[in-house]
Amino acid sequence: MKIKSNILKISIFATGLSGIVAQYILSTLASYFLGDSTVQWALTVSVMLFAMGLGARVSKYLDKMLLSKFIFIEYILSLFVSFASLFVYLYASYGEYLGIVIYSLTISIGFLIGLEIPIVIRLNDQFEKIKVNISSILEKDYYGSLLGGIFFAFVGLPYLGLTYTPFILGSVNFFVATLLFVMLYKESKEKYRKTILSFAAFIVIAISLGLTYAKPIILFGEQKRYVEKVVFAEQSSYQRIVLTQWKNDYYLFLNGNKQLSTVDEEMYHEPLVHPIMKLAKEHKNVLILGGGDGCAVREILKHKGVEHITLVDLDPEMTRLAKENKILLGINKGSFFDKRVKIINQDGLNFLEDCKDFYDVIIVDLPDPRTLELAKLYSLEFYHLCKYRLKTNGFIITQSGSPYYASRAFKTINKTIEVAGFSTLPIHNQVISFGEWGWVIGAKNMTKSELKKAFLNIKFDDISTRWINEEALYLLSSFGKDIFDADTSKLMPNKISNPILYKYYLNGKWDLY
């Protein structure tokens, strides 16, 4: 009796493990393909829990042959979990409404899990008293969820990626269901045994084929997302890193969002680096937050007097690729190998909170604030920390998105830096592959007029640049009239406790005030 009860508990443990990982896989896919990770994770988790409730409700209508039905449900669940990523990537190759597929899978998997738990409780009812039965079954399910979360965070996503992690979890479900079938073979109805064995054989073949062709299928689905040929794709613990090629040029994408193009990346990195390096009377100690591709470091190294460069980027895989990938090495000129460069893989805000050093220049080269996680790195609290870590005559610059396509977001960043105690100078440039792009320079010990005057008097005689020169400074600092007639006095600073920037960015230029 105890052996049978333990087998059922092992089954529900496996269900909890694979169920939670399937939930995380679908949440990650939703964030990657649909954007706005906070919303997608909240929705996928909520929808799956709702579907589990539906499954639990339907389970009361199942009365006969519960063991055989449970094994069938486990087998079906193993198929859905195993092929979740493949279904999404394959549909992404042809369909437009990808959210339907992702949330349909979420509902299906949640429904099956919701069916299973009450059935196992009823099967185990003959072995344990009700109070022990219910607590022990739910206990095993929750323990499985914990192990699944640990597996996904530290093994599945960083090492197996979204390609193979689903198959591992689907195989766990299949193995446990098969073990249950073998151990309790005599208790299953004879007329269903052949059906179960045939279905099991089908799943073995399906998972084997899926494992064999998963990588080319996902690459095929990924390729459909990009105009250029995908030459490199890898899932890190934090993001999907993709490199594409068109003729002799390369493009870097993070979670589907373009980060740089060799066509014109200097038109982004030169305004980001050279003006602020020239404005600073000293630039011995430079801090870069973000910039994991190495291009900003490449430009900083052109300046004499640089003694230390600390680059803080959250994703160790990105900085590793910048040192090892031939394409990225060709773009950044091996800048990370310079002995003056120190790389730290840590969240930028956490780094500043723990930091004890002071810097002449801080360069913030982070992705746009399209999520709450990124918006905190454009917050008042963040800029206060930056100010504290800057020396008396220090300067900060941050990439700030488009001043036209995300006008309200751009002005909010400028406002937030001002409220943090900096004098600011917004600048912009037409980056061909991105469109109009902007940055905000902050001076710790200058007035606005002094900053603007010093900016226009910068000379680039002693450094080699591809695009920027003295004439370009007038273009960079000139915006003309505000075509959106924006009243900046109404803007509020972006705070961690009130992340308005995130909303402004997603609404873009159409959210006018």
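Is it the case, given these coordinates, that residue 119 is assigned to a helix (DSSP H, G or I), under 25 Å from the mean Cα position of the chain (by Cα) and either surrounded by 19 or more Cβ atoms within 10 Å (Cβ to Cβ) or in the same structural domain as residue 180 (by TED's automatic domain parsing) (or both)? Spelling it out, it is not the case that residue 119 is assigned to a helix (DSSP H, G or I), under 25 Å from the mean Cα position of the chain (by Cα) and either surrounded by 19 or more Cβ atoms within 10 Å (Cβ to Cβ) or in the same structural domain as residue 180 (by TED's automatic domain parsing) (or both).
Here is a yes/no grid of residues against (1) farther than 30 Å from residue 314 by Cα; (2) surrounded by fewer than 17 Cβ atoms within 10 Å (Cβ to Cβ); (3) of a type in the set (D, E, K, R):
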{"site": "93", "(1), (2), (3)": "yes, yes, no"}
{"site": "100", "(1), (2), (3)": "yes, yes, no"}
{"site": "109", "(1), (2), (3)": "yes, no, no"}
{"site": "143", "(1), (2), (3)": "no, yes, no"}
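Scanning the range 382-399 finds one or more residues that are buried (at least 24 other Cβ atoms within 10 Å of the Cβ) and of a type in the set (Ser, Thr, Tyr).
Among strands (runs of 3 or more DSSP E) entirely within the range 157-276, having at least 2 residues that are in contact with a strand residue (DSSP E or B) (Cβ under 6 Å, 6 or more places away or on another chain) and buried (at least 20 other Cβ atoms within 10 Å of the Cβ) singles out 240-246, 249-254, 257-261. Checking each residue in the range 400-437 for being among the charged types (D, E, K, R) and crowded, with 21+ Cβ neighbours inside 10 Å picks out 408, 411, 415. Assessment of the range 413-420 against the conditions (under 18 Å from residue 274 (Cα atoms) and among the basic types (Lys, Arg)) yields no matching residue. Checking each residue in the range 397-424 for being in contact with a Gly (Cβ under 8 Å, 6 or more places away or on another chain), within 20 Å of residue 499 (Cβ to Cβ) and aliphatic (A, V, I, L, M) picks out 406, 409, 413, 417, 420. The numbered conditions (1) outside any loop (DSSP other than H, G, I, E, B); (2) farther than 30 Å from residue 24 by Cβ; (3) of a type outside the set (Ser, Thr, Tyr); (4) in contact with a Ser or Thr (Cβ under 9 Å, 6 or more places away or on another chain) are all true for residue 302 except (1). Candidates are the residues of the range 32-44 that are more than 21 Å from residue 163 (Cα to Cα) and part of a helix (DSSP H, G or I); the one that is nearest to the chain's Cα centre (by Cα) is 38. Scanning the range 455-508 for residues that are modelled with pLDDT under 80 and surrounded by 17 or more Cβ atoms within 10 Å (Cβ to Cβ) yields one hit, 506.
Inspect all residues belonging to the range 319-333 and state whether any of them is within 22 Å of residue 439 (Cβ to Cβ), in the same structural domain as residue 381 (by TED's automatic domain parsing), of a type in the set (Val, Ile, Thr) and not in a loop (DSSP other than H, G, I, E, B). Yes; the residues of the range 319-333 include at least one that is within 22 Å of residue 439 (Cβ to Cβ), in the same structural domain as residue 381 (by TED's automatic domain parsing), of a type in the set (Val, Ile, Thr) and not in a loop (DSSP other than H, G, I, E, B). Checking each residue in the range 313-344 for being basic (Lys, Arg) and on the phi < 0 side of the Ramachandran plot picks out 320, 323, 326, 339, 340, 342. The one condition from (1) touching a residue at least 40 places away in the same chain (Cβ under 8 Å); (2) under 23 Å from residue 392 (Cα atoms); (3) buried (at least 18 other Cβ atoms within 10 Å of the Cβ) that residue 309 does not meet is (1).
Residue count for the range 48-92 under the criterion of being charged (D, E, K, R) and not in a helix (DSSP H, G or I): the result is 3.
Among residues of the range 319-341 being touching a residue at least 40 places away in the same chain (Cβ under 8 Å) and farther than 19 Å from residue 302 by Cβ, the one that is surrounded by the fewest Cβ atoms within 10 Å (Cβ to Cβ) is 327.
Taking each residue of the range 448-459 that is touching a residue at least 60 places away in the same chain (Cβ under 8 Å) and looking for partners that are part of a loop (DSSP other than H, G, I, E, B) with beta-carbon atoms closer than 8 Å, six or more apart or interchain, yields 454/446; 455/477. With respect to residue 95, determine if the residue is modelled with pLDDT of 90 or more, over 21 Å from the mean Cα position of the chain (by Cα) and not acidic (Asp, Glu). When the stated conditions are applied, residue 95 does not pass them.
Of all the residues in the range 413-453, those that are part of a helix (DSSP H, G or I), more than 16 Å from residue 398 (Cβ to Cβ) and among the hydroxyl-bearing types (Ser, Thr, Tyr) number 1. Kindly establish whether residue 90 is aliphatic (A, V, I, L, M), within 23 Å of the chain's Cα centre (by Cα) and at pLDDT 90 or above. So residue 90 does not fit the description; no.
The values are calculated or read from the model by the stated rules, or taken from the named source; none is laboratory data. Quantities reported herein were computed from a predicted structural model and do not represent experimental measurements. All Cβ positions, glycine included, derive from the backbone under ideal geometry; neighbour counts span all protein chains shown.
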